[in-house]
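The next block holds one structure in the form of structure tokens; read it before the comments.
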Amino acid sequence: MTAPTTETPPAGGDPVPHGTRTWSLADLDVEPEGARGPGEACGDESGGAPLRRRRRRSRLRRVLLATVVVLVLVAAVPLGVGWYLQHRLTSQMGRIDGVFQGLTQRPEKPAAGTPGAGAVNILLMGTDRVSEVATTGDAAASPAWVAGEQRSDALMVLHIDGSRKVAAVVSIPRDSWVPIPGHGYGKINWAYSFGGPSLTVATVEQLTGLRIDHLAIVDWEGFKELTDHVGGVDIDVPATVVDPHNHVTWTAGRHHLDGEQALLYVRQRYGLPGGDFDRVKRQQAFLKSVMEASMHTAMRKDPKMLYGFLDTLARNVSVDSGWSTTDMAKLVFSMRDFRSANLRFLTAPVLGTGQVGTQSVVRLDDAADKDLWRELRSDRIDQWSAVHWQELTGATVR
């Protein structure tokens, strides 16, 4: 592999590899070092940022796998109701043009009759865009992407296997140090700033070898309302932990969370031993709990609750314009026998954190990741999970 070129950022920081174009670290909104606690390689609140800016960014960074929820819930209801809900959902979703245009050297889809044929891969992401108005969903009044204005704050690959019986959600740490096509090495979340959705897709495809079929970007301004729609959820806190940033103490034991409390729970990073890694696990465990308990059961019994939930959800989601209503309906119908117990949550294996110049980065475990992505491509996530069960996100996290 050709070594990436190195350019000196004008802000006076250490040289950072970017490729052929000059990018200022200020353009990437890099968090000042020293603002993180132990193990926190992926910061989100800058210690020197204005309070209003931090609050807006906190609202925007709540990416909780809306697409997974929709597929699981809609697949669980009778066919006629499912088609109606699907229409309600897609008619309100925002659309993003040109996501896959111009992409070259893409991974091949598995051929018919081979392992992995028929699988669907959806890239789920949220951004740290600072905007006074909605940037996703049917109410979007500002573009979902403006060059240099934001990074992807969370990246998750949803893999639905060809049998439609098993699915996996794999989080890729946002500070993972990876090759970005045309820009050398950098944090994976920089790809969105450099080239928007298309470059992000290209970067993920190069990293994983998975061909991404669709993209969903979520602005989770409605997160609290969604949680309240299902009557709140129960979570278990294994040991008392203090969130110094939000001045909240989570005592050991079971907690029933409404929307406001749930937002604080999934937002916490400071005070957790693994920092951002533990926050990702909290988000995954929370979603798993929501789908397997409150929502999955209650929604089937109360169509009004389901309609309200999906209406709120659709207002905060944008998908690639190539994902047609017909294709969504077919995917939903093909998952009619899917059960949320067969949804696996995990994070791409990492070696740890490190430094590149002034950048605090996440070092992926190349060998372990290659094994994971290979098994996903071959629809062998169940077999992989049986061996690497300790890598899966459980119902109880820190």
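A few remarks follow.
- Where strands (runs of 3 or more DSSP E) sit wholly within segment 175-261, those with at least 1 residues that are among the β-branched types (Val, Ile, Thr) occupy 177-179, 214-218, 233-237, 241-243, 248-250.
- Qualifying residue in segment 332-353 (condition: farther than 22 Å from Ile217 by Cβ, assigned to a strand (DSSP E or B), without any contact (Cβ under 8 Å) to a residue 40 or more places away in the chain and not hydrophobic (A, V, I, L, M, F, W, C)): yes
- Residues that are charged (D, E, K, R) and under 30 Å from Gly394 (Cβ atoms) were ranked within segment 323-349; the one that is surrounded by the fewest Cβ atoms within 10 Å (Cβ to Cβ) is Asp337.
- Restricting the search to strands (runs of 3 or more DSSP E) fully inside segment 76-168 and requiring at least 1 residues that are among the aliphatic types (A, V, I, L, M) and either modelled with pLDDT of 90 or more or under 27 Å from Ser378 (Cα atoms) (or both) gives 120-127, 152-160.
- Some residue of segment 371-394 being buried (at least 17 other Cβ atoms within 10 Å of the Cβ), of a type in the set (Lys, Arg) and either under 28 Å from Val233 (Cβ atoms) or without any contact (Cβ under 8 Å) to a residue 40 or more places away in the chain (or both): no
The values are calculated or read from the model by the stated rules, or taken from the named source; none is laboratory data. The structure presented is a predicted model; accordingly, all values stated were derived computationally and were not measured. Don't worry about glycine lacking a Cβ; one is built from the backbone with ideal geometry, like all the others, and counts go over all protein chains shown.
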